[in-house]
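The values are calculated or read from the model by the stated rules, or taken from the named source; none is laboratory data. Note that the coordinates shown come from a computational prediction; the quantities given were computed from them, not determined experimentally. Here the Cβ positions follow ideal geometry from the backbone for every residue, glycine too, while neighbour counts run over all protein chains shown.
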Amino acid sequence: MNIPLSKPYIGSLEKEYVLDVLASGQLSFGKYLKEFENQFREYLNMKYAVAMNSGTSALHIAVKTLGLKKDDEVITSPYSFIASSNCLLYEGIKPVFVDVDFHSTVIDAEKIEEAITEKTKAILVVHIFGQVCDMDEICRIAAKYNLKIIEDACEAIGAERNGKKAGTWGDVAVFAFYPNKQITTGEGGMLVTNDTRIFEEAMSLRNQGRALTNDWLTHERLGFNYRLSDIQAAVGVAQMKRLSDILSRREQAATYYKELINHSNIKGIDYLHPLHSCKISWFVFPIFFHNKTARDYVMKHLNEAGIQAKPYFPSIHLQPLYKKLFHHKAGSFTNSERLSDCSLAIPFYTTIDKHEQDLVIAEIQKALERYEHAM
Ligand SMILES: *Cc1c(COP(=O)(O)O)cnc(C)c1O
């Protein structure tokens, strides 16, 4: 058996557009870059979108455009992919972690206020697993304490809360297109905002600090090369044209996994449930065990059977770098740590078929039965 954890969904349209770019000779700053950004603006109904060469680059630029600097504090979640905190470290900013809610896996908004100090400048929320944070409450807190909001929506394209899309609440929001995301450009990211100043600064920062007037040899500020090539943007344009199909296939695959789990007599695992009034955009399909021993046992069994499965995500505060810098200890953020210990991402991608899903769940069941016997 060989069932991967994830797989990009590339069709003939992607190939056609990439060949078009190659034939045109315009490999950077061409029509596909503009088109990709326009699609994003329109999809989210936002004023501006700036494509970048990764989600991490877009997060870094988001932090810079908000004027956050050394020794400022930003509140964020420890249960995330490392990039959502690293973008703060790049600028010497201190990530102040607030634990997540165990059931929804996103930041526990009720615990945010007690973490605010006079150094706090922003809240960086992560819509982990395509689950949208409690943005009404987070916006209320941000307004009360005059804080900026960055949304890390890298796993959440198309996710909604009360019909409003992830990435449309913050001062600035970021999406990502690594091959395991809902849509991909190989590598890539997108920054979105309604703020003209943030947009202009982001455009300049991604392009070596150049002015927007297209004067190639004048650099106004310390910028970066975070540009997305037109070859990559061409893939993105095709993926965006198929976005609703992609998201609905993923929704169907998630629904089928849930049905299989509900109808089997597997005991001791649960899956991600949407928060009240939320629509999850399925990025991966995490399942949650009662304890780490069971999770590790099943993970080993699956990997030996040729079914890829990984523990998503280790808590950021316990990563070696963060322990060294901030002296975090196990037990500081118990929900995040429990999720890190008990979660397992199982094969999930746009084109996964029912037969593959049947095999995955059957192997999990088999492993759990063995585990029960062994214990
Ligand atoms: C994927 C991801 C990113 C950005 O990743 P890149 O690989 O740099 O595109 C950032 N935050 C989260 C939560 C992610 O899942």
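Would you check if Phe36 is within 16 Å of the ligand (Cβ to nearest atom), farther than 29 Å from Ile107 by Cβ and surrounded by 14 or more Cβ atoms within 10 Å (Cβ to Cβ)? It is true that Phe36 is within 16 Å of the ligand (Cβ to nearest atom), farther than 29 Å from Ile107 by Cβ and surrounded by 14 or more Cβ atoms within 10 Å (Cβ to Cβ).
When segment 84-114 is filtered for residues that are among the hydroxyl-bearing types (Ser, Thr, Tyr), assigned to a loop (DSSP other than H, G, I, E, B) and under 17 Å from Leu318 (Cβ atoms), only Thr105 remains. Output the number of residues of segment 218-239 satisfying the condition of being in a loop (DSSP other than H, G, I, E, B) and of a type outside the set (A, V, I, L, M, F, W, C). Residues flagged as in a loop (DSSP other than H, G, I, E, B) and of a type outside the set (A, V, I, L, M, F, W, C) within segment 218-239 amount to 6.
Looking at the structure I just gave you, is Arg242 farther than 30 Å from Glu16 by Cα and modelled with pLDDT of 95 or more? So Arg242 does not fit the description; no. For first residues located in segment 1-28 and closer than 30 Å to Ala362 by Cβ and in contact (Cβ under 8 Å) with a residue 12 or more places away in the chain, partners that are β-branched (Val, Ile, Thr) and surrounded by fewer than 15 Cβ atoms within 10 Å (Cβ to Cβ) and lie 6+ apart or on another chain with Cβ distances below 8 Å form the pairs Lys7/Thr351; Tyr9/Thr351.
Okay, residues lined up against (1) within 19 Å of Tyr349 (Cα to Cα); (2) modelled with pLDDT of 95 or more:
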residue	(1), (2)
Tyr271	yes, yes
His276	no, no
Phe285	yes, yes
Asp296	no, yes
His301	no, yes
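Taking the listed residues Tyr312, Tyr322, the one that is under 24 Å from the mean Cα position of the chain (by Cα), within 20 Å of His127 (Cβ to Cβ) and either part of a helix (DSSP H, G or I) or at pLDDT below 95 (or both) is Tyr312, with no other qualifying. Check segment 215-232 and report whether any residue there is closer than 30 Å to Leu344 by Cα and charged (D, E, K, R). The answer is no, given that none of the residues of segment 215-232 is closer than 30 Å to Leu344 by Cα and charged (D, E, K, R).
Considering segment 281-299, the residues that are within 16 Å of the ligand (Cβ to nearest atom) and among the aromatic types (Phe, Trp, Tyr) include one that is farthest from the chain's Cα centre (by Cα), namely Phe285.
Conditions tested, residue by residue: (1) within 20 Å of Thr193 (Cβ to Cβ); (2) surrounded by fewer than 24 Cβ atoms within 10 Å (Cβ to Cβ); (3) more than 16 Å from the ligand (Cβ to nearest atom); (4) in contact (Cβ under 8 Å) with a residue 12 or more places away in the chain.
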{"residue": "Phe129", "(1), (2), (3), (4)": "no, no, no, yes"}
{"residue": "Val132", "(1), (2), (3), (4)": "yes, no, no, yes"}
{"residue": "Cys139", "(1), (2), (3), (4)": "yes, yes, yes, yes"}
{"residue": "Leu147", "(1), (2), (3), (4)": "yes, yes, yes, yes"}
{"residue": "Ala153", "(1), (2), (3), (4)": "yes, no, no, yes"}
{"residue": "Gly158", "(1), (2), (3), (4)": "yes, no, no, yes"}
{"residue": "Asn162", "(1), (2), (3), (4)": "no, yes, yes, yes"}
{"residue": "Val172", "(1), (2), (3), (4)": "yes, no, no, yes"}
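Within segment 227-248, one or more residues are under 25 Å from Val63 (Cβ atoms), charged (D, E, K, R) and in contact (Cβ under 8 Å) with a residue 12 or more places away in the chain. Against the test of being crowded, with 16+ Cβ neighbours inside 10 Å, of a type in the set (Gly, Ala, Ser), touching a residue at least 24 places away in the same chain (Cβ under 8 Å) and closer than 21 Å to Cys87 by Cβ, the options Ser336, Ser343 yield a single qualifying residue, Ser336. Here Phe348 clears all of (1) within 20 Å of the chain's Cα centre (by Cα); (2) on the phi > 0 side of the Ramachandran plot except the condition numbered (2).
Checking each residue of segment 249-265 against the condition of being within 16 Å of the ligand (Cβ to nearest atom), more than 19 Å from the chain's Cα centre (by Cα), in contact (Cβ under 8 Å) with a residue 40 or more places away in the chain and surrounded by fewer than 18 Cβ atoms within 10 Å (Cβ to Cβ) gives no match. Scanning segment 67-86 for residues that are within 15 Å of the ligand (Cβ to nearest atom), more than 25 Å from Ala115 (Cα to Cα) and either free of Cβ contacts under 8 Å to residues at least 12 places away in the same chain or surrounded by 21 or more Cβ atoms within 10 Å (Cβ to Cβ) (or both) turns up nothing. Screening segment 87-127 for residues that are free of Cβ contacts under 8 Å to residues at least 60 places away in the same chain and charged (D, E, K, R) and picking the one that is farthest from the ligand (Cβ to nearest atom) gives Glu118.
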